[in-house]
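Down below is the structure, laid out as structure tokens.
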Amino acid sequence: MSVFIETNNESLFKYGEELCGDKVEIVRKGDVTTIVLADGLGSGVKANILSTLTSKIAATMLSEGADIYETVETVASTLPVCSERGLAYCTFTILRVNTAGKAHMVEFDNPQAIILRGGREVPVKKTEIEIGDKKVLESRFFMQEDDMCVAFSDGAIHAGVGQTLNFGWQRDNIVEYACRAYRKEMPARAMTKLLLSACNSLYDGRPGDDTTFVTTKIRHAQPAFIMVGPPVDSSRDQELVGKLMDAEGIKVVCGGTTSQIVSRVSGRELRVKIDYKDTGVPPTGMIEGIDLVTEGVVTLARAYEIMQKYMSEGSDMEELFDIFKQDGASRLARLLLEDCTSVHFTVGRAANPAHQNPDLPIDLSLKLRMVKDIAKILRQMGKDVEIEYC
């Protein structure tokens, strides 16, 4: 079974600070994904520099082949200790997981991460070991499909102290909340967003500490094949439609001319829905065997806007649920952001006659740029993207 390691992280800055003292570094190499969450002591510039150095050093060493013990020893030995508090200037959590689900985690003074399976916490055996002069917790475990690992900084367990709660949002409370929120189909970003939103509410919108969540989810790999625009050489119509119809996973066609080509070559009727779910987005169509048929450039541009909002750290839960609307752009954005784990675009470079109208300032270069911009967001999410021009 092919799987995909989905990751997402987001932070709240301490109220009044322009920089976050927490830093997350994610590196994918081969079948292994390395996630490092570092929390600098205090807040502001010093905390930001220390957490950035810690996460960068750890992630780089591990991705270049250093073992986790050597990496922890290097990081721990370079961290100074606060003379006043006797605490290390930076704490961290390191998780390495491969596509077989084999996971290795070490935690140094951060709250212990949560492993979720089917809406319950999975107990994981942790061993205290000494690396250098630092005591760290080490655990080895297997993650199954739809399991989540949620790591977080101590800003989460401080949420609400002296405001809405006497003793903050303790780890047990976070576990309970995460277990209630968990759904099998839930993406990593939704879990991160829900937990961070709860912390922000407990802080009454004025976080007393930098707060970060990073969620890692094992999910079934789901490729998508998206055909955008007709090829320059029309003799390739048969070849490209054949690739689309034979592709595994999700199949999408973007563009009126393109959908007509697919209908003609495949011999399957193209039906256009006349109901407008959103007056700013052209209606969708239907072709048997194709999961989504949309208009071209306008829909791509709107989908890109939705994807930008979705990925923005400042987005709220309402914006997160924009992707569940039923217009063509929202459906395309949801498919790209949440449903698929890899994407193959075939992008036709034939000029559309309709776009030569001076009253319709849409050109080929805009379509090409939209695909590139969408691909950039998907790659930031760790998804494999191929663009085939024709």
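The values are calculated or read from the model by the stated rules, or taken from the named source; none is laboratory data. It should be emphasised that the depicted structure is a prediction, and the values quoted were computed from it without experimental measurement. Because the Cβ atoms are built from the backbone with ideal geometry, glycine has one as well, and the counts that use them run over all protein chains shown. In case anyone asks, the SASA skips ligands and DNA or RNA and just uses the protein heavy atoms, side chains included. Shrake-Rupley method; radii C 1.70, N 1.55, O 1.52, S 1.80 Å.
So here's what we get for this one:
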read-out	value
Hits in region 122-144 (condition: open to solvent by 70 Å² or more (accessible area, probe 1.4 Å) and not polar (S, T, N, Q))	Pro123, Lys125, Glu128, Glu130, Asp133, Lys135, Arg140, Phe142
Pair list, Cβ under 6 Å, 6 or more apart: region 240-254 residue within 23 Å of Thr299 (Cα to Cα) and touching a residue at least 12 places away in the same chain (Cβ under 8 Å), other residue assigned to a strand (DSSP E or B) and open to solvent by 30 Å² or more (accessible area, probe 1.4 Å)	Gly249/Pro223
Helices (runs of 4 or more DSSP H) lying entirely in region 184-276 (those with 3 or more residues that are within 19 Å of the chain's Cα centre (by Cα) and closer than 30 Å to Ile94 by Cα)	188-202
Pairs, first in contact (Cβ under 8 Å) with a residue 40 or more places away in the chain in region 257-270, second open to solvent by 50 Å² or more (accessible area, probe 1.4 Å) and part of a strand (DSSP E or B), C-beta under 7 Å, six or more apart	none
Residue tally, condition modelled with pLDDT under 95 and assigned to a loop (DSSP other than H, G, I, E, B), over region 128-143	2
Candidate set: region 272-289, residues that are surrounded by 15 or more Cβ atoms within 10 Å (Cβ to Cβ) and in contact (Cβ under 8 Å) with a residue 40 or more places away in the chain; chosen: the one farthest from Met370 (Cα to Cα)	Lys277
From Asn9, Asn110, residue being part of a strand (DSSP E or B) and either open to solvent by 10 Å² or more (accessible area, probe 1.4 Å) or of a type in the set (D, E, K, R) (or both)	Asn9
Qualifying residue in region 59-75 (condition: in a strand (DSSP E or B), open to solvent by 70 Å² or more (accessible area, probe 1.4 Å) and touching a residue at least 24 places away in the same chain (Cβ under 8 Å))	no
